[in-house]
Structures are given as structure tokens and as C-alpha cells.
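Shown next, in C-alpha cells, is the structure this report addresses.
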Amino acid sequence: MVSSGGGLQQGSLEENIDVEHLASMPLLGDFVNVIIGSVRSWSFSGVQGLKRLTSRKRVSDSFSVQCMSTEVQKNSNSQEATVVLAESVVKPVRRRSVKERKSKSYLLTEVSAHTRPNDCWIVIKNKVYDVSDFAAQHPGGSVITTYFGRDGTDAFSSFHAGTTWKILQEFYIGDVDNVEPTPELLKDYRDLRALFLREQLFRSSKLYYVFKTLTNISIFSASIAIIYCSKSYWAVLSSACMMALCFQQCGWLSHDFLHNQVFETRWLNEVVGYLIGNSVLGFSTGWWKEKHNLHHAAPNECDQLYQPIDEDIDTLPLIAWSKDILATVENKTFLRVLQYQHLFFTALLFFARGSWLFWSWRYTSTAKLAPAVWLLEKGTILFHYFWFIGVGWYLLPGWKPLVWMVVTELMCGMLLGFVFVLSHNGMEVYNKSKEFVNAQIVTTRDIKANLFNDWFTGGLNRQIEHHLFPTMPRHNLNKIAPQVEALCIKHGLVYEDVTIAAGTCKVLKALKEVAEAAEHQYAAASQQT
């Protein structure tokens with residue numbers, strides 16, 4: 001059922017089950033499986049929600065910073081808000097039934113005033129929801145803060161299962177008054193999404209993911225076999241590069257599962273995501289989801305003072321991704337370093353995996369997680385180090401295990417980081433919130449599709465398509481690319497689709513332009529002193 005605005009009508013059957021499942025039901029048996037899967041998914045979410053309500057869940061620093069970035073407050077006000085927020089996390093949420101609430105109409109200007117941690121509203125399909133008591137417990141993390149006081153319809157529809165609509169109703173407080181016409185871009189985007197649902201493009205090929213899993217196992221086995229058969233340094237280096245490639249490809253696979261692209265039952269995606277992300281790669285899935293969800297909701301976005309909301313561009317003092325971000329730097333030493341960022345950037349990518357491992361470990365050590373979640377996160381990460389270090393020291397003599405492990409980490413950092421920077425870096429960085437579709441397109445770059453690029457990047461070369469439809473399996477992204485390109489052309493948006501070489505040049509050119517600005521800024525600062 002499609003509304004005049006192109007989206008699914010609220011209260012329709014699609015929203016109360018799962019639109020992605022319903023779009024791919026040719027038989028009655030499939031319908032039964034969808035119902036069972038949806039109930040299990042909702043039940044699991046309910047259990048997790050209960051755990052959050054009865055435990056002191058972490059309130060991330062980014063959550064507090066983003067919520068406060070909408071207005072400048074005195075220290076006393078900030079402390080007061082922090083106390084109130086902490087109390088809201090500890091106290092169980094008492095949600096009133098829909099019958100207990102009286103429907104009321106609100107202007108969008110009224111909604112926009114509710115952007116604080118303990119007073120936050122959002123709009124979805126012209127309905128107003130008060131999520132003040134829920135925001136800190138949001139399963140997706142602080143991503144919800146990016147839509148405080150504004151319309152989050154398309155972001156909500158893109159990331160959540162249909163069963164979530166039922167939970168959403170518990171926070172309903174009224175309707176939007178004087179509803180503005182839906183922009184043509186959003187209408188067309190919603191129509192496109194509805195079309196892809198009907199064409200079953202959100203249903204994954206299980207054989208494809210079996211093949212990808214077996215391929216990764218083969219790469220892993222080859223790496224081990226090399227150092228089992230030979231102990232030479234050439235063998236050690238070759239094995240390390242193979243293991244780095246395995247880690248990279250497993251990263252893409254974990255990414256797919258944690259985006260709920262593979263299984264219809266979401267908790268099963270979560271289980272496999274933890275198995276690959278934590279146990280194989282050593283990353284904290286909880287930390288990654290918090291960071292990655294925020295990136296999807298606000299790609300390349302900064303607050304009013306150009307402090308990055310998207311953590312993927314929060315790379316000062318080593319890298320500044322725009323001149324506006326550079327303008328926030330006052331330290332002359334940092335400016336001196338930034339003058340050469342385009343020269344040392346490539347070398348910096350080797351250390352990317354080390355940085356992610358550090359932040360993963362820090363998350364599991366400092367975040368206030370429920371005991372069961374802490375045990376899961378910490379235990380699976382420790383298991384990664386146990387098998388990774390154990391394999392090296394068991395199969396190799398002397399200092400060669402250390403060489404094998406270090407080279408693996410460095411090469412994996414390069415393989416992962418190289419793909420990441422092609423997707424968004426060197427694209428628009430902004431500090432005024434954009435509507436969902438526009439934000440995804442203007443900040444994102446595609447890399448030309450071919451067999452190698454599709455495999456090497458894990459399908460992330462179709463980054464524009466992935467950001468617009470994050471739960472669509474990667475093997476279907478090439479199928480929708482022509483329609484997405486046509487959408488961009490129709491609405492005057494640049495659909496950037498380039499080769500790996502051209503994308504790399506664009507990134508380095510953007511870094512060099514900011515580096516030159518850093519040189520001028522450093523010279524000006526030196527003259528003043």
C-alpha cells in the first residue's frame with residue numbers, strides 16, 4: 001500500500017510485520033515463515049529492551065555532545081542536563097498506552113524545540129513521537145540524536161524492521177499540523193523503495209553468502225597452509241598478506257550481516273555478526289554499530305561549529321577533511337602537521353586497523369554495559385587474540401610470529417582503509433542538516449562496477465545505493481544502480497561513479513587543497529604572534 005507521498009501508509013499491514021518480507025512472498029508457506037520470523041525478531045528485541053531498562057546502559061560521549069550541539073549552554077546547564085539524562089537511564093521507562101494519550105497537533109517549529117537529551121521529539125510519517133525516556137536506551141545507539149526535533153521518516157524506514165512500528169506507537173503524542181507537501185525527491189525515492197520491495201530485491205541469496213563464506217575460509221586456510229609448509233620470511237610475509245585479505249573480506253561479510261542483509265530473522269544476523277566481527281576480526285560489534293549507524297544517518301555531517309558528528313571524519317589533529325573543519329584548529333603545531341596531510345595520508349592507512357582495535361578494546365573496558373553484553377563483547381574479543389596469537393607462536397619459530405602478526409595488522413589496515421576513504425572522503429562536508437536522501441547522495445561516491453571491484457570492496461563500490469537502501473544485499477546493488485542514477489539526474493544531483501584511480505586522485509586532491517589552506521592559516525597565526 002503506497003501513500004500519495006510514495007511511502008507506506010502508517011498502520012498498514014506492511015509496517016506491522018516486515019515490508020521486506022511481505023514483498024517477497026510467493027507462497028502461503030513463506031507467509032507463515034515471515035510471521036514466525038517477525039514474532040521471534042520482535043520477542044528478541046523485547047528481551048534486549050528489558051535488559052536495557054534494568055541495567056545502567058552506557059550513554060556515549062557522542063550522544064551528549066550531539067544533543068547539546070544545537071545550542072550553546074553554560075556549564076551549569078550542561079551539568080544539570082547530564083544529571084537528568086543519567087536519571088532517565090537508571091529509571092525504568094513507564095510507557096503509557098495509546099488509549100491514555102490524547103492526540104494533539106503540533107507545528108514543526110514546536111517539534112524543533114525538543115532536542116535535548118531529556119526532552120526529545122521526532123517526526124515519522126507526520127506523526128510526533130516523544131522519545132525522551134527511550135533515546136538513551138535506543139538499541140541503535142546515539143544515531144537517534146541526529147533526528148531530534150525533525151523528520152526522521154526515511155532514516156527510520158531504511159533501518160528498522162516492520163515490527164518496530166508497533167513499538168513506535170507507544171511514544172505517539174500527536175500529529176504534525178499544517179503538513180508541508182512532500183518534496184518530489186522524497187516521493188520518487190519512496191516509490192523506488194516500494195518498487196524494489198515488490199521486486200524482492202531486499203531478499204538475499206543464501207547460496208551467494210554460503211559462497212562468500214567458503215571463499216573467506218579458503219583464503220584463511222591458504223594463509224595457514226603457507227606458514228605450515230614453510231618458515232621462510234617470504235612465506236611469513238605471504239601468509240600475513242593472505243590473512244590480511246581474509247580479515248578484509250570477513251569485514252565486508254560482517255558488515256552485511258549487521259546491516260540485516262542476509263537473514264530475515266534479525267537476531268540471527270546479529271549472532272553471525274558477532275561471530276565474525278568479534279571472534280574473527282577482534283572488533284567490538286557494539287562499538288562498530290554505534291559508530292556506523294551514526295555515519296549512515298549523518299554522513300560527513302558536522303554541528304554548527306564544524307565539530308564532526310560523523311565520527312568517520314573526526315580525524316583531527318592528523319587529517320582535516322574540509323577547510324571549515326580546518327578553521328576550528330588553533331594549535332600551531334597541529335597546523336604545521338596538517339600542511340603535509342596529503343603526503344603522509346596513504347602511510348597512515350596502515351595503522352587504521354590498529355586504531356579500530358584500540359577503540360574496540362576501550363569500548364568494552366569503559367562502556368557501562370549490561371553484564372551479559374560485557375561478557376559477550378569481552379569474551380569474543382579475547383577469543384580473537386587467543387587464536388590469532390596462538391596460531392603465530394605455534395606454527396612459527398623465534399621472532400617470526402611477531403613479524404607475521406604485525407604485517408597482518410598493517411596490511412589489513414591498508415586494505416580496509418583504502419576502500420573506506422574512496423566512499424566519502426573528498427565529498428561534501430556540511431553543518432546544516434539535510435533531508436535523508438540528499439545527504440546520502442551528495443556525500444557519497446561510487447566506484448565503477450566490475451568483477452574485481454565488486455569483490456575487493458565487498459560491494460561497497462556501490463556506496464550510494466548502499467546508503468539509500470542499507471538493508472539490501474550487496475549482490476542486488478548493481479541491479480538498481482541505473483534507476484538510482486536516473487533519480488539523481490532527474491533531481492539535479494551529481495551521481496559520482498568513477499574508477500578506483502580517479503577516486504584516489506579526488507581524495508588526494510581534496511587533502512592537498514586543505515593542506516594548502518593549513519599552510520596559509522599557519523602563516524597567519526605566526527604573524528599574529
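Just a yes or no: is a residue in region 153-174 under 17 Å from Ala297 (Cβ atoms) and charged (D, E, K, R)?
The answer is yes; a qualifying residue exists.
Kindly provide the set of residues from region 454-495 that are open to solvent by 30 Å² or more (accessible area, probe 1.4 Å), under 19 Å from His424 (Cα atoms) and charged (D, E, K, R), ordered by number.
Hits for region 454-495 are Asp454, Glu485.
Could you list, in sequence order, all residues of region 283-294 that are open to solvent by 10 Å² or more (accessible area, probe 1.4 Å) and in a helix (DSSP H, G or I)?
Residues of region 283-294 open to solvent by 10 Å² or more (accessible area, probe 1.4 Å): 283, 286-293.
Of everything in region 283-294, those that are open to solvent by 10 Å² or more (accessible area, probe 1.4 Å) and in a helix (DSSP H, G or I) turn out to be Gly286, Trp287, Trp288, Lys289, Glu290, Lys291, His292, Asn293.
For region 497-515, what are the residues that are in contact (Cβ under 8 Å) with a residue 12 or more places away in the chain and open to solvent by 50 Å² or more (accessible area, probe 1.4 Å)? Quick ask: steps written out before the conclusion?
Initially, region 497-515 is screened for residues in contact (Cβ under 8 Å) with a residue 12 or more places away in the chain, giving 497-500, 503-504, 506-515.
Selection gives Thr499, Lys506, Leu508, Lys509, Lys512, Glu513.
How many of the residues making up region 321-337 are within 27 Å of the chain's Cα centre (by Cα) and either β-branched (Val, Ile, Thr) or open to solvent by less than 60 Å² (accessible area, probe 1.4 Å) (or both)?
Total meeting the criteria: 6.
When you look at Asp154, is it part of a loop (DSSP other than H, G, I, E, B), modelled with pLDDT of 85 or more, surrounded by 16 or more Cβ atoms within 10 Å (Cβ to Cβ) and touching a Lys or Arg at 6+ places or on another chain (Cβ under 8 Å), yes or no? Talk me through it step by step, then tell me what you get.
On the way: part of a loop (DSSP other than H, G, I, E, B): no; modelled with pLDDT of 85 or more: yes; surrounded by 16 or more Cβ atoms within 10 Å (Cβ to Cβ): yes; touching a Lys or Arg at 6+ places or on another chain (Cβ under 8 Å): yes.
So Asp154 fails the test.
Filter region 494-516 down to the residues that are among the aliphatic types (A, V, I, L, M) and under 18 Å from Asp324 (Cα atoms), then identify the one that is nearest to the chain's Cα centre (by Cα). Explain how you work it out, then say what you get.
We begin by selecting, within region 494-516, every residue among the aliphatic types (A, V, I, L, M); these are 494, 498, 500-502, 507-508, 510-511, 514-515.
Next cut, under 18 Å from Asp324 (Cα atoms) only: 507-508, 510-511, 514-515.
Details: Val507: 21, Leu508: 24, Ala510: 23, Leu511: 23, Val514: 26, Ala515: 28 Å.
Per the stated criteria, the residue is Val507.
Determine if region 127-139 includes at least one residue that is of a type in the set (A, V, I, L, M, F, W, C), more than 24 Å from the chain's Cα centre (by Cα) and surrounded by 15 or more Cβ atoms within 10 Å (Cβ to Cβ). Walk me through how you get there before you give the answer.
From region 127-139, those of a type in the set (A, V, I, L, M, F, W, C) are 128, 131, 134-136; that's our starting set.
Right, trim to more than 24 Å from the chain's Cα centre (by Cα) and you get 128.
Then keep just the ones that are surrounded by 15 or more Cβ atoms within 10 Å (Cβ to Cβ); that gives 128.
Yes - at least one qualifying residue is present in region 127-139.
May I ask you to list the residues in region 318-330 that are modelled with pLDDT of 95 or more and of a type outside the set (A, V, I, L, M)?
Applying the first criterion (modelled with pLDDT of 95 or more) to region 318-330 yields 318-329.
Across region 318-330, the qualifying residues are Trp321, Ser322, Lys323, Asp324, Thr328.
When you go through (1) open to solvent by 70 Å² or more (accessible area, probe 1.4 Å); (2) modelled with pLDDT of 95 or more one by one for Thr366, which number turns out not to apply?
(2)
Based on this model, can you work out whether Gln169 counts as part of a loop (DSSP other than H, G, I, E, B), out of contact with any strand residue (DSSP E or B) (no Cβ under 7 Å at 6 or more places or on another chain), open to solvent by 40 Å² or more (accessible area, probe 1.4 Å) and more than 30 Å from Trp393 (Cα to Cα)? Talk me through it step by step, then tell me what you get.
Working: part of a loop (DSSP other than H, G, I, E, B): no; out of contact with any strand residue (DSSP E or B) (no Cβ under 7 Å at 6 or more places or on another chain): yes; open to solvent by 40 Å² or more (accessible area, probe 1.4 Å): yes; more than 30 Å from Trp393 (Cα to Cα): yes.
The answer is no for Gln169.
So, in region 175-218, how many residues would count as being open to solvent by less than 40 Å² (accessible area, probe 1.4 Å) and aromatic (Phe, Trp, Tyr)?
Within region 175-218, residues that are open to solvent by less than 40 Å² (accessible area, probe 1.4 Å) and aromatic (Phe, Trp, Tyr) number 4.
If I ask for residues that are surrounded by 19 or more Cβ atoms within 10 Å (Cβ to Cβ) and under 19 Å from Lys187 (Cα atoms), which ones from region 157-166 would you list?
Ser157, Ser158
Before we move on, is Val494 within 28 Å of Leu185 (Cα to Cα), among the β-branched types (Val, Ile, Thr), touching a Cys at 6+ places or on another chain (Cβ under 8 Å) and touching a residue at least 24 places away in the same chain (Cβ under 8 Å)? Write out each step before concluding.
Numbers: within 28 Å of Leu185 (Cα to Cα): yes; among the β-branched types (Val, Ile, Thr): yes; touching a Cys at 6+ places or on another chain (Cβ under 8 Å): yes; touching a residue at least 24 places away in the same chain (Cβ under 8 Å): yes.
Yes.
For region 115-126, what are the residues that are surrounded by fewer than 20 Cβ atoms within 10 Å (Cβ to Cβ) and in contact (Cβ under 8 Å) with a residue 40 or more places away in the chain?
Taking region 115-126 as the starting set, the residues that turn out to be surrounded by fewer than 20 Cβ atoms within 10 Å (Cβ to Cβ) are 118-119, 126.
Across region 115-126, the qualifying residue is only Asn126.
Collect the residues in region 263-282 that are farther than 23 Å from Ser158 by Cα and open to solvent by less than 30 Å² (accessible area, probe 1.4 Å), keeping them in residue-number order. Walk me through how you get there before you give the answer.
Within region 263-282, the subset farther than 23 Å from Ser158 by Cα is 275-276, 278-282.
Correct list: Ile276, Asn278, Ser279, Leu281, Gly282.
Of all the helices (runs of 4 or more DSSP H) wholly in region 428-529, which have at least 3 residues that are outside the structural domain of Leu338 (by the TED database), more than 28 Å from Thr182 (Cα to Cα) and touching a strand residue (DSSP E or B) at 6+ places or on another chain (Cβ under 6 Å)? Please lay out each step first, then the result.
Working: elements: 436-442, 451-456, 463-468, 477-490, 500-528.
By residue number, no helices (runs of 4 or more DSSP H) qualify.
Taking region 338-349, which residues are surrounded by 16 or more Cβ atoms within 10 Å (Cβ to Cβ) and in contact with a helix residue (DSSP H, G or I) (Cβ under 7 Å, 6 or more places away or on another chain)?
The answer is Leu338, Gln339, Gln341, His342, Phe345, Leu349.
Within region 298-320, can you find the residues that are within 21 Å of the chain's Cα centre (by Cα), part of a loop (DSSP other than H, G, I, E, B) and surrounded by fewer than 21 Cβ atoms within 10 Å (Cβ to Cβ)? I'd like the intermediate steps shown before the answer.
Of all residues in region 298-320, those within 21 Å of the chain's Cα centre (by Cα) come to 298-303, 306-316, 319-320.
Still in the running and part of a loop (DSSP other than H, G, I, E, B): 298-300, 303, 306-307, 309-310, 314-316, 319-320.
Across region 298-320, the qualifying residues are Asp303, Tyr306, Gln307, Asp314, Thr315, Leu316.
Determine which single condition Val407 fails, assuming it passes every other condition in (1) within 19 Å of the chain's Cα centre (by Cα); (2) closer than 25 Å to Ala235 by Cα.
Only one criterion in (1) within 19 Å of the chain's Cα centre (by Cα); (2) closer than 25 Å to Ala235 by Cα is unmet by Val407, namely (1).
If you scan region 338-369, which residues turn out to be part of a helix (DSSP H, G or I) and of a type in the set (A, V, I, L, M)?
Result: Leu338, Leu343, Ala347, Leu348, Leu349, Ala352, Leu357.
Select from region 321-337 the residues that are of a type in the set (Asp, Glu) and assigned to a helix (DSSP H, G or I) and list them in ascending order. Even if it seems obvious, please write down each step before you answer.
First, pick out the residues of region 321-337 that are of a type in the set (Asp, Glu): 324, 330.
Asp324 - this is the single residue of region 321-337 that is of a type in the set (Asp, Glu) and assigned to a helix (DSSP H, G or I).
The values are calculated or read from the model by the stated rules, or taken from the named source; none is laboratory data. Since the model is a prediction, treat every value here as computed from it, not as a measurement. No Cβ is skipped: glycine too gets one built from the backbone with ideal geometry, and neighbour counts run over all protein chains shown. Areas reflect the complete protein model, heavy atoms only, side chains present, ligands, DNA and RNA absent. Shrake-Rupley method; radii C 1.70, N 1.55, O 1.52, S 1.80 Å.
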